[in-house]
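To start, the structure under review is shown below, and the notes come after it.
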Amino acid sequence: MSFFHHRYTVHHSSVVELQNVCKTYWFSSNNKAEVIKNVSLKIKKGEYVIIFGPSGSGKSTLLYLIAGLEKPTSGRILIRHRDIARWKSEELARFHRLKIGIVFQTFNLIKSLNVWENVALPQAESGVPYKERYRNALSLLEFLGLGKHAYKHVNELSGGEQQRVAIARALINNPFIIILDEPTGNLDSASANEILELIYNLNRKSHHTILMVTHNPSHLQYANRVIFLKDGQINREIKVPRASRVVFGQGQVMPEFQVTALPEIEKEPPFPTLGTVPYPGETTAGLPSTPTLSSPSVPPPPLTSPPKEESPQPSRPVLPEESYEALRRYRGEV
Amino acid sequence: MKLVDILRIALRMLKVNWLRSLLTIIGIAVATLSIVVLVGFGYGMQYVTIGSILKSKSLFSLDVTTLSESGAATLNKEAIEEFKKIPGVSEVSPVYIAEAQIIFNDKLVSTTVRIGNRSLPALDGVNINFGSPFEEDKFQIVLSSETLNMLETDAKHILGKQIILKLTDPNTPSNIINISKPLTVVGVGTGGDAPVNYIPEIVIKDLNKFQITSAKVNARDRDSVIAAETAIRMKGFQVETLLKTLDDARNVFRWVTVGLFFIASIALVVASIGMFNTLTITLLERTREIGIMKIVGITNRTVRWLFLIEAALLGFLGGLSGVLGGYFFSFFIEFLVNKIAAKFQGIPVNLFQFPIFFLPFMVIFPTLLGCLTGLYPSVRAARLNPLDAIRYE
């Protein structure tokens, strides 16, 4: 049994740990926004965790805190048992380059570079030789079904393809965790489902630890665990049964989460702006109250309730099985 | 990131906004071109002038004159003998100057003669194109080509012929000293400071009437020039050396060239401000991309270098094309000027000269200037907060 096999299958020690983390933005001495209030949470190796909440709930801020892009006002953030608040900019850059993959709603690709150069950019910084990183980027793009687009300009790709390029870039240095901030927010439903399947399979088949932020309740069945965030606090935490994704398929909301699919949330614009973090002058206090999970109008059906009569839609596989095998090989697991 | 990769990305960035990059490069190139042409012209003038100085005189010759102060040493035969004893001195000739009338073929011309040794024409930097210098014990004369023009004759017709010479008495200008015998023309010379003719001392019976106005001393080599100069100066005479004249000329031209460089540099300053403007706008345009780079783990150092290298590239490309353009442009001008000069029987000259260090310098200088203008945008780019940067529209 190889070292990697041992590393990824046997253990579930926490790779991300938040201890009483608070984040407050001060606009003036008496005007502040408490975006994150006393959040503690643990993410284990190989887990797929979704942070779910309405906009303004602080979920993106929480993600940025874990990614080291924001510093907590108080509390500790331990990434693999090391406090990232103490890191200097060089160390943080190394962390972003090698240890963590970040994917955004707006893809955030560099337009002056072509597709494969975008994917290989983090390796260029690490000093990986040109040919080697070209090969790495190309094989990754091949795995993600973008091989023929490698030399194209970023703008020539569709949204879904661009997001897959962004995911390839996040994967290139084989990070231990992939963080996604509303990765499907700018996509049509077909591409969104493709991306969701891809993320799901990255977790299930090539054992990446995933942390995703979403406000769409129909994504929740993909995760192992859903953390409900409201007004900067963890409201509830639900473990998702293994078969949920198969049972509920794409685009459906599990009855467990149906309460959250209330009109206010669905009324959100189809293309929300990236900034769910309050900007200066905007506070969470003034936001319209969103329905709370603790006061459901309809009691949630028990998980043991039989699934709906209609046979579940089999999800369309995005990539052939070999791709994930190749990805596992890329990670050095096989 | 490795320098090669930074360079690769910086080049790509330049290509994205190619028109703006091109215009910036052209700005730098035009400024560099003007500096190259002007400074090249300054150097060219220096070479032409120094060349003509060197042609007119023997490089290691010294001009000795008396000081104007009272009680200064006088130039006389004894002094001339003493000069000959100074180590490193190869030749010494006294110089008498006399107003003269030359009669040839019933034509009379008023001119000047210099009286001295056989080597005097050479020491004066006169080239004897036809014939030879006079013999010191014979009644012979070396005429200048200008005198020949005045006599309306040429070297072929006058060489070997005899002329009649009359001198003006230096003490009583109304007195004319007639030379008893006619003089044979043995040589015709060109060059030197003024159109003068040369005769040996023997021609004048009563040389005491004349005063030695100056002495020509020739040293063996460069070091002897300085030794002889100090030795003669110690004796209380005034000495002028060609080396010093050359140094003075070089100094003047150095300052002229520096002046030209600074005047042309104004264009480069303007171009640099343009480049600074370009880079600042580039920074604003690329804020998002810088944010993305930082989020995927590009270090602040790399971001800083990326901007610096881009600015340096702009400067380098501008400098390189400016130098090449300036080089060919000066060739073109020189070609035109010489073509026009040839029409008027002028001598072709090298109007432009480029010292070896100058052209590479004019590539490096705009490159460094580019780095300088890129400094501020690069530091600002490195300081950007990644999250703010990716939200920037």
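Of the GluC sites (Glu not before Pro) found in the stretch A:98-192, no site is in coil according to DSSP while having at most 15 other Cβ atoms within 10 Å of its Cβ.
Among A:151, A:200, rank each residue by its count of other Cβ atoms within 10 Å, from fewest to most, as a rough exposure measure. List each step's numbers first, then the result.
Working: A:151 10, A:200 19.
Ranked by crowding around the Cβ, least crowded first: A:151, A:200.
With a Förster radius of 22 Å, plug the Cβ-Cβ distance of residue A:14 and residue A:90 into 1/(1 + (r/R0)^6) and report the FRET value to the nearest 0.05. For R0 = 22 Å, the calculated efficiency reads 0.30.
Quick check on the exposure proxy: order B:110, B:378 from fewest to most C-beta atoms within 10 angstrom. Please list the in-between numbers first.
Details: B:110 11, B:378 22.
Listed from fewest to most nearby Cβ atoms, that is B:110, B:378.
Nearest 0.05, what FRET efficiency do residue B:208 and residue B:349 give at R0 = 35 Å with Cβ-Cβ as r? Don't jump to the answer; show the numbers that get you there.
Numbers: r = 47 Å, r/R0 = 1.35.
E between residue B:208 and residue B:349, to the nearest 0.05, is 0.15.
Report, in degrees rounded to the nearest 10, the 0 to 90 angle that the Cα long axis of helix B:242-285 makes with the longest principal axis of chain B. The two axes meet at around 10 degrees. Pairs with C-alpha atoms separated by more than 24 Å, drawn from the list A:44/A:239; A:45/A:152; A:99/A:230; A:59/A:99; A:32/A:99; A:71/B:2, are A:45/A:152; A:99/A:230; A:32/A:99; A:71/B:2. With neighbours defined as other Cβ atoms within 10 Å of a residue's Cβ, the residues B:190, B:147 order from fewest to most as B:190, B:147. The coefficient of translational diffusion for chain B, derived via Stokes-Einstein from the alpha carbon Kirkwood radius under 10 °C and 1.306 mPa s, stands at 60 µm²/s. Relative to one another, the C-alpha centroids of the stretch B:264-329 and the stretch A:18-89 are positioned 38 Å apart. Among B:291, B:187, B:27, whose mean-square fluctuation peaks in a Gaussian network model of chain B (Cα, cutoff 10 Å)? Taking springs between Cα atoms under 10 Å, the residue moving most is B:291. Per residue, the protein assembly as shown reaches -14000 deg cm²/dmol at 222 nm when only DSSP H runs of four or more residues are counted, each adding -39500 (n - 2.57).
The three principal axes of the Cα atoms in the stretch B:74-235 give end-to-end lengths of 49, 35, 25 Å, sorted in falling order. Please compute the Kirkwood hydrodynamic radius over the stretch A:26-101, one decimal place, Å, based on all pairs of different Cα atoms. That comes to 14.0 Å for the stretch A:26-101. For the pair residue B:53 and residue B:222, the difference between a 0.36 nm per residue extended length and the Cα-Cα distance amounts to 59.2 nm. In vacuum, with every alpha carbon of the protein assembly as shown counted as one equal point scatterer, what does the Debye formula give for log10 I(q)/I(0) at q = 0.06 Å⁻¹? Two decimals, please. Debye output, listed in q order: -0.58. Separation of the alpha carbons by more than 30 angstrom is noted, of A:42/A:148; B:77/B:138; A:23/A:88; A:23/A:111, for A:42/A:148; A:23/A:111.
Cross-link partners for residue B:244 among the lysines, with Cα-Cα distance under 21 Å and sequence neighbours closer than 8 places in the same chain left out: B:55, B:57, B:216, B:235. Restricting the trypsin sites (Lys or Arg not before Pro) of the stretch B:38-142 to loop positions (DSSP other than H, G, I, E, B) with no more than 16 neighbouring Cβ atoms within 10 Å leaves B:138. Using θ = phi - 60° in the Karplus curve 6.51 cos²θ - 1.76 cosθ + 1.60, the 3J(HN,Hα) couplings for the stretch B:6-16 round to 4, 4, 4, 5, 4, 4, 4, 4, 4, 5, 4 Hz; x is entered for Gly and Pro.
Since every read-out is calculated from the coordinates, none of them should be taken as a lab result. Here the structure is a predicted model, which is why all the values come from computation and not from measurement. Because the Cβ atoms are built from the backbone with ideal geometry, glycine has one as well, and the counts that use them run over all protein chains shown.
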